[in-house]
Amino acid sequence: MLGYIARRMMLAVPVLIGILLVTFFLVRLIPGEPCRAILGEKATAESCERFNEANGLNEPLPVQLGIYMARVAQGDLGESIRFSRPVTQILIERLPQTIELAVAGLTLAVLIGVPLGVLAARRHNTATDVGAMAVANVGVSMPVFWLGLMLAYVFALVLRDTPFALPPSGRLSAGVTSTPFYEVWQWTLTEGSVWSKFLEFVGNHVIFNSLITGQWEVLWDAIKHLILPAVALATIPMSIITRMTRSSLLEVMGRDYIRTARAKGASEPRVVGRHAFRNAILPVATIVGLQLGALLGGAVLTETIFNLSGVGRSLFEAITSRDYPIIQGFTVVIATIYVAVNLVVDISYGYLDPRIRLK
Amino acid sequence: MVDETLPGRDAAIGGEVSRVEAFEALAANQDLTEKPTSVWRLGLRRFVHRRNGVAGMIIVGFMALVAIFAPVIAPYDPTEVLIGKEDVSKREPPCIHLLGCDESKPQHIMGTDGNVRDFFSRIVHGSRVSLTLGFSTVTVAIVIGAFLGAIAGYWGGWIDNITMRIMDVILGFPALILAIAIVAALGPGIRNALIAIAIVSIPQYARVMRASVLTIKEVDYVAASRALGANPWRILATRILPNSLTPLVVLGTLGIATVILEAAGLGFLGLGAQPPQAEWGSMLAAERNQVFSAPHLVFFPGLAIMLTVLGFNLMGDGLRDALDPTLNE
């Protein structure tokens, strides 16, 4: 098992290096000079020169690449040109929003998708099956941004005076603020230390933070704000998981060992639950990992629609304002999270299915 | 149940024979592909018995007709600003005479947009952009992907290693994020959106083609060709490619659905088609802040995207069920 884990991790290393290289060169291809994007179109040649000097943009490309790689290895993603603040600090503030959104979306997708798929497979070729597949087929074809806007229209306007009304934008209502847990519990922190940065990052997960500190009003408010974006984001992965669960379970149900289980008199719930489901869920696990990519991509659209300042929207805004360090840093971090999650899925797959490990 | 009516080998293909054997059967009859024994002919028969596939084909066919006859169907020019020409103002709700809209008002069955253009005409013309973009992007991606996958699979060794590692890196990014980054680097526009989405879709075709080449290149008739001294390109083109087409066609059909969604997403972010061109994603984006006052301007473009994508998804599913003998129940 350890050998298997080591092998999988080794395979991820060239991908991560490739991601760094691709991001670095893509960012350099973006048309227009960053100095004019930041200082304005009328910036003089001298001020541009000073700007490039200060931001290391005068060095030859290979030197820039070398400096960049060395810094990333030390966890330094540079400083945002637009905000004049470290990219890591901006990540600490914005990544939690995206993580909450993606986790909520993926949870919804799994919690609805898997049971729906099992139901469809159990009632194969009945109205339930056809209905579930219709939902899945429509769901997988839905543009995230359209669904988001339509949900906002229905829940924020049509149902505004009913108990079902939900806010269409933002993370918390005006006036509601979440106090980080380390302040609630009056921890003494050293300003600027890695530990305090980490705590700040954890504390910025509003839902998690308000949950552990018992700030129930904040929690409820945050959840209400998260429902619509999470549903919009979850729809496509949910549909894919439903289809995958269904076809995988149908395939397993036709196997010999299922017939054996039935023949020895096992009850139907036991046959499905203990014998079929465990085997059928393996391919679904892989799909769940891959769906995270769709979720992170969809987060750009969802965050734009629901006015959430997560990494997706920040990345998009950075592209329009040519903020190189942010584009580089955020793309690398998003891609790394994606690769890491799929690595974990691969490893758990090896754990769940011994045949894979030995290959 | 279809297969029972077919004689001899057809039944065998539809039955328990593996995919490779099915391909072998096809390959042994290269010159007979016009007869009902072909995998494609068989597939067609199975296809028409799948409700999903047929429903998908009807939707796609409908959309294709709309795109072809767009100028005939659309009552207005999609970029024509109607202000001063008619008694309409901006963002008017749909006005359909049949449904009781006042006869004295000009008919706009999907209303007008923020620039006082007929929205229905824009939706109709938008189908041209989405379908063209979908087809051309997938074609580019399949051609490049199949080429890379074929050489990687056939020659193996370092060519295989380098190609597939590059594919891994592309797959290491969430697709839309990489597409956004590429369009940002190349500059917004419909051509660059095409390039970006094609790049992010290449790996899946390369992988499928490579897997398929790896299986087929060990088969006897390929060995026979090699023994006869055929050069590798000839073997790839005449022996291997025809037998790898099935998965590529299925994946490509499903790929069009994904591409249309991604293109609409880029359009929505302002990175795809540029105004005043009628493209569903960018039309929706232009009016998204008006969703509470003029919901129809958001509803219709999204519905059009969904319907088109649904059509390709259903058709792709139907094709997969029909063309993959191993999936046959």
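The values are calculated or read from the model by the stated rules, or taken from the named source; none is laboratory data. Computed from a prediction, not measured in an experiment: that's the story for all the values here. All Cβ positions, glycine included, derive from the backbone under ideal geometry; neighbour counts span all protein chains shown.
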Item checked: Failed criterion for residue A:188 (all others in (1) hydroxyl-bearing (Ser, Thr, Tyr); (2) at pLDDT below 85; (3) in contact with a Leu (Cβ under 9 Å, 6 or more places away or on another chain) hold) -> (3)
Margin query: Consider region B:147-180. How many of its residues are of a type outside the set (A, V, I, L, M, F, W, C), out of contact with any Leu (no Cβ under 7 Å at 6 or more places or on another chain) and within 11 Å of chain A (Cβ to nearest Cβ)?
Written below: 4
Note to self: Please verify whether residue A:141 is at pLDDT below 95 and buried (at least 20 other Cβ atoms within 10 Å of the Cβ), treating the condition exactly as stated.
What the structure shows: yes
Margin query: Would you confirm, using the coordinates I've provided, whether residue A:150 is part of a helix (DSSP H, G or I), crowded, with 17+ Cβ neighbours inside 10 Å and within 12 Å of chain B (Cβ to nearest Cβ)?
Written below: yes
Item checked: Single residue of region B:195-219 satisfying the filter (of a type in the set (D, E, K, R) and either surrounded by 24 or more Cβ atoms within 10 Å (Cβ to Cβ) or touching a residue at least 12 places away in the same chain (Cβ under 8 Å) (or both)) that is nearest to the other protein chains (Cβ to nearest Cβ) -> B:207
Notebook entry, point to check: Is it the case that residue A:171 is under 17 Å from residue A:224 (Cα atoms), basic (Lys, Arg) and either within 13 Å of chain B (Cβ to nearest Cβ) or not in a loop (DSSP other than H, G, I, E, B) (or both)?
Noted result: no
Check: Here are some residues: A:61, A:65, A:11, A:21. Which one is in contact with a Lys or Arg (Cβ under 8 Å, 6 or more places away or on another chain) and hydrophobic (A, V, I, L, M, F, W, C)?
Finding: A:61
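This table checks each residue for (1) within 25 Å of residue B:284 (Cα to Cα); (2) more than 13 Å from chain A (Cβ to nearest Cβ); (3) in contact with a Leu (Cβ under 7 Å, 6 or more places away or on another chain); (4) assigned to a helix (DSSP H, G or I).
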| residue | (1), (2), (3), (4) |
| --- | --- |
| B:98 | no, yes, no, yes |
| B:127 | yes, yes, no, yes |
| B:182 | yes, no, yes, yes |
| B:193 | yes, yes, yes, yes |
Notebook entry, point to check: Conditions: (1) small (Gly, Ala, Ser); (2) at pLDDT below 85; (3) under 23 Å from residue B:248 (Cα atoms). Residue B:8 meets all but one. Number of the miss?
Noted result: (3)
Notebook entry, point to check: When you scan region B:231-329 for helices (runs of 4 or more DSSP H) that lie fully inside it, which ones turn up with 3 or more residues that are among the aliphatic types (A, V, I, L, M) and facing another protein chain (nearest Cβ under 8 Å)?
Noted result: B:241-268, B:296-323
Next item on the list: Hey, can you tell me all the residues within region A:106-142 that are free of Cβ contacts under 8 Å to residues at least 12 places away in the same chain, within 14 Å of chain B (Cβ to nearest Cβ) and not in a helix (DSSP H, G or I)?
Entry: A:125, A:141
Next item on the list: Confirm whether residue B:138 is away from chain A (no Cβ under 14 Å), modelled with pLDDT of 95 or more and part of a helix (DSSP H, G or I).
Entry: yes
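Of all helices (runs of 4 or more DSSP H) completely enclosed by region A:254-359, which ones contain at least 3 residues that are within 14 Å of chain B (Cβ to nearest Cβ)?
Those helices (runs of 4 or more DSSP H) span A:277-305, A:311-320, A:324-352.
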Next item on the list: Could you tell me whether any residue of region A:19-35 is away from chain B (no Cβ under 14 Å) and within 30 Å of residue A:196 (Cβ to Cβ)?
Entry: no
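Quick grid of which residues meet (1) of a type in the set (A, V, I, L, M); (2) more than 21 Å from the chain's Cα centre (by Cα):
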site	(1), (2)
A:235	no, no
A:256	no, yes
A:285	yes, no
A:304	no, no
Check: Can you find even one residue in region A:38-50 that is over 19 Å from residue A:339 (Cα atoms) and either touching a residue at least 40 places away in the same chain (Cβ under 8 Å) or within 13 Å of another protein chain (Cβ to nearest Cβ) (or both)?
Finding: yes
Notebook entry, point to check: In region A:181-204, is there at least one residue being under 27 Å from residue A:88 (Cα atoms), of a type outside the set (Gly, Ala, Ser), buried (at least 18 other Cβ atoms within 10 Å of the Cβ) and in contact (Cβ under 8 Å) with a residue 40 or more places away in the chain?
Noted result: yes
Next item on the list: Would you check if residue B:117 is on the phi > 0 side of the Ramachandran plot and away from chain A (no Cβ under 14 Å)?
Entry: no
Checklist line | Residues (outside any helix (DSSP H, G or I) and out of contact with any helix residue (DSSP H, G or I) (no Cβ under 9 Å at 6 or more places or on another chain)) located in region A:189-199 | finding: A:191, A:192, A:193
Item checked: residue A:119 of a type outside the set (Asp, Glu) and under 30 Å from residue A:271 (Cα atoms) -> yes
Check: From the residues in region A:310-356 that are touching a Ser or Thr at 6+ places or on another chain (Cβ under 8 Å) and of a type in the set (Ser, Thr, Tyr), which one is modelled with the highest pLDDT?
Finding: A:331
Check: Name the pairs whose Cβ atoms lie under 7 Å apart, with the first residue in region B:256-277 and within 16 Å of residue B:298 (Cβ to Cβ), the second outside any helix (DSSP H, G or I) and at pLDDT 95 or above, and 6 or more positions between them or separate chains?
Finding: none
